[in-house]
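A.B. asks: Sharing a structure below in structure tokens format, with a few things to ask.
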Amino acid sequence: MSRIDAEAQRLTLEAENAPDALIAFLTIEHPGLADPIRVVSDVMAYSVGGVVFEGIPFGIKALTDTETGPRTQIVIQNIDRRIGQALRASDVRAKVRLELRSSADFDLSQDPRVEITATAPIYAFRHFELVNVEGDAAQLVGDVELADYSVEPWPNVRATQDRLPGLFR
């Protein structure tokens with residue numbers, strides 16, 4: 001997870017009169033999906049590193065930075081049934097990756113919009129999970145959080161006689 005370090009830089013990027021817009025690129029991966037879902041918070045498609053992100057406006061807030069761990073909520077238009085179907089069919093959580101980039105990094109005259117030069121994202125988080133997903137015909141709402149490994153059973157794999165018979169002679 002990377003953060004916008006300087007408070008002044010963050011305020012400049014979020015200002016109403018900022019010369020460039022912040023664009024969010026969201027990737028949702030799940031074993032039930034043949035290909036990851038890649039969307040961008042714009043009505044136009046964008047190409048980043050040769051990968052096309054479809055233009056579907058969505059809402060997401062910055063991650064919280066509290067003692068309970070980083071967490072946020074995402075609201076995305078329900079125009080693609082694949083994510084809902086994949087989440088219902090499996091008990092495996094979907095993985096979420098988000099990157100914020102500046103519109104100044106793209107040639108906005110092309111369709112899909114393409115990177116002028118490859119640049120690092122301004123803000124990014126990876127390896128988060130999509131949980132508590134609810135939806136209707138208009139939108140999907142879900143929480144994005146890190147996996148809580150403190151509730152995992154430990155040890156996950158035990159040295160039993162059935163698994164390792166050579167240890168029990």
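A.B. asks: Residue check, VAL96 against (1) touching a residue at least 24 places away in the same chain (Cβ under 8 Å); (2) over 15 Å from the mean Cα position of the chain (by Cα), all met but one. Which one?
C.D. replies: (2)
A.B. asks: Here's something else I'd like to know. So, GLU129, is that one over 29 Å from ASP20 (Cβ atoms), in contact with a strand residue (DSSP E or B) (Cβ under 7 Å, 6 or more places away or on another chain) and surrounded by fewer than 14 Cβ atoms within 10 Å (Cβ to Cβ) or not?
C.D. replies: no
A.B. asks: Looking only at region 132-169, which residues are of a type in the set (A, V, I, L, M, F, W, C), closer than 20 Å to GLY69 by Cα and exposed (fewer than 11 other Cβ atoms within 10 Å of the Cβ)?
C.D. replies: Correct list: VAL151 only.
A.B. asks: Also: Under 9 Å between Cβ atoms, which residue pairs at least 6 apart in sequence (or on different chains) link something in region 120-134 that is in contact (Cβ under 8 Å) with a residue 40 or more places away in the chain and assigned to a strand (DSSP E or B) with a partner that is acidic (Asp, Glu) and open to solvent by less than 50 Å² (accessible area, probe 1.4 Å)?
C.D. replies: Qualifying pairs under 9 Å: TYR123/GLU99; ALA124/GLU99; PHE125/GLU99; ARG126/GLU99; PHE128/GLU145; LEU130/ASP143; LEU130/GLU145; VAL133/ASP143.
A.B. asks: Out of all the residues in region 34-55, is one or more at positive phi and either polar (S, T, N, Q) or in contact with a Lys or Arg (Cβ under 9 Å, 6 or more places away or on another chain) (or both)?
C.D. replies: Checked against the condition, which is being at positive phi and either polar (S, T, N, Q) or in contact with a Lys or Arg (Cβ under 9 Å, 6 or more places away or on another chain) (or both), region 34-55 yields no hits at all.
The values are calculated or read from the model by the stated rules, or taken from the named source; none is laboratory data. Computed from a prediction, not measured in an experiment: that's the story for all the values here. Glycine also receives a Cβ, built like all others from the backbone with ideal geometry; neighbour counts cover every protein chain displayed. Ligands, DNA and RNA are excluded from the accessible area calculation, which covers all protein heavy atoms including side chains. Shrake-Rupley method; radii C 1.70, N 1.55, O 1.52, S 1.80 Å.
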